[in-house]
Amino acid sequence: MYRVLRRLECTPKNVHLETRNIASTSKLIVFDKDGTLLSFDKPWLAWCSRLKSGLADATAKAVEQDMTRILRNMGVDMNKEEIGLGRFAECSQREVRRELTEGFSATLQRVSKDEELASDIIDSCRKEGDGKFPLTDVKTLFHDLKKRDYKIVIATADCDQGIDMFLDDNFIREQVDFVMSADNHTDFPPKPSKISADKLCERFGVDSSNVVMVGDTPTDIQFGLNGEYGLVVGVTTGVGSAQDLNLAGAHVVLDDLSQLVSVLEGSHIGNSVLD
């Protein structure tokens, strides 16, 4: 057995902890991608900047304020260069692209531009190298997990194009056993769907109590809880704060993934002080 400290009651300056026992036989570990394994802000702020520039160039900056407003409503503040909790960070890329396309199409119509232009510009925003901002040495982490007989799943709201970049840029394609993405949501509904959480267990023949979920948003935490996974780990490297993740019900919250293997081995507990 290994021991994990669960936050039961938290305030910005105080956390009360109790000991929780989790069986050490977990064989499946599910990772979110953006904000957990890969920097969220760097690639996606660059993506949003390309989007704004493309639309501004196409409309002689006539819709610049509209673009800023639409992105802000989804949780992206281009003025502060920050992405917080919101639809951009927590919905699937298909949903994000659909909402942006609809919003920008209406704006383009207002200035007598072809509304299909929005979709074309959005499609052109992804660039090679967007997967080269890992938050840890992912290859070494996955190697360590494989030595401990874990199957590795990436459950992300991103599309296959972004996932392929990430896998290839970090040389981890052979270490990942399955990807749940925005492009296979017909079979696996987006997080935090209990249907998908249960299907991952069925796919690998693993009891839910032997599954670990790792993510940076309340949606990730809820996904693990909906699946009744044995250990649900929050990391503060993405858009969710320690307080957000604790309040969502994470069993343990870590500063970064460098602590994860130690937690799984029962020799380290994450930082218990909230921001």
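The values are calculated or read from the model by the stated rules, or taken from the named source; none is laboratory data. Being a predicted model, the structure only gives us computed values, none of them experimental. Cβ coordinates were reconstructed from backbone atoms using ideal geometry, including for glycine residues, and neighbour counts include every protein chain displayed. The area values use the complete protein model at the heavy-atom level, side chains included, leaving out ligands, DNA and RNA. Shrake-Rupley method; radii C 1.70, N 1.55, O 1.52, S 1.80 Å.
Could you go through the range 130-151 and let me know if any residue there is over 15 Å from the mean Cα position of the chain (by Cα), part of a helix (DSSP H, G or I) and at pLDDT below 75.
No, the conditions are met nowhere in the range 130-151.
Starting from residues that are buried (at least 17 other Cβ atoms within 10 Å of the Cβ) and charged (D, E, K, R), keep the ones in the range 139-165 and report whichever is farthest from V30 (Cα to Cα). First the steps, then the outcome.
Residues of the range 139-165 buried (at least 17 other Cβ atoms within 10 Å of the Cβ): 141-142, 145, 150-159, 162-163, 165.
Pick out the ones that are also charged (D, E, K, R) and you get 151, 158.
Details: K151: 9, D158: 15 Å.
Among them, the one singled out is D158.
Just give me the residues in the range 204-219 being charged (D, E, K, R) and crowded, with 19+ Cβ neighbours inside 10 Å, in sequence order. Spell out the reasoning first.
Step one: list which residues in the range 204-219 are charged (D, E, K, R), which gives 207, 216.
Hit for the range 204-219 is D216, nothing else.
Scan the range 27-49 residue by residue and report those that are among the polar types (S, T, N, Q) and over 14 Å from M78 (Cα atoms).
Residues of the range 27-49 that are among the polar types (S, T, N, Q), as a first pass: 36, 39, 49.
The answer is T36, S39.
Name the residues in the range 204-219 that are farther than 18 Å from V179 by Cα, assigned to a loop (DSSP other than H, G, I, E, B) and touching a strand residue (DSSP E or B) at 6+ places or on another chain (Cβ under 7 Å), would you?
Scanning the range 204-219 gives no hits.
Within the range 47-90, count every residue that is open to solvent by less than 20 Å² (accessible area, probe 1.4 Å), at pLDDT below 80 and under 18 Å from T219 (Cα atoms).
2
Okay, residues lined up against (1) in a helix (DSSP H, G or I); (2) modelled with pLDDT of 90 or more; (3) surrounded by fewer than 16 Cβ atoms within 10 Å (Cβ to Cβ):
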{"position": "F171", "(1), (2), (3)": "no, yes, yes"}
{"position": "V179", "(1), (2), (3)": "no, yes, no"}
{"position": "T186", "(1), (2), (3)": "no, no, yes"}
{"position": "S196", "(1), (2), (3)": "yes, yes, no"}
{"position": "E202", "(1), (2), (3)": "yes, yes, yes"}
{"position": "I221", "(1), (2), (3)": "yes, yes, no"}
{"position": "G224", "(1), (2), (3)": "yes, yes, no"}
{"position": "V232", "(1), (2), (3)": "no, yes, no"}
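Between residues in the range 196-224 that are within 23 Å of V138 (Cβ to Cβ) and residues that are of a type in the set (S, T, Y) and open to solvent by 50 Å² or more (accessible area, probe 1.4 Å), which pairs lie under 8 Å by C-beta distance while being six or more apart or on different chains?
That search, which allows pairs on different chains as well, returns N210/T25.
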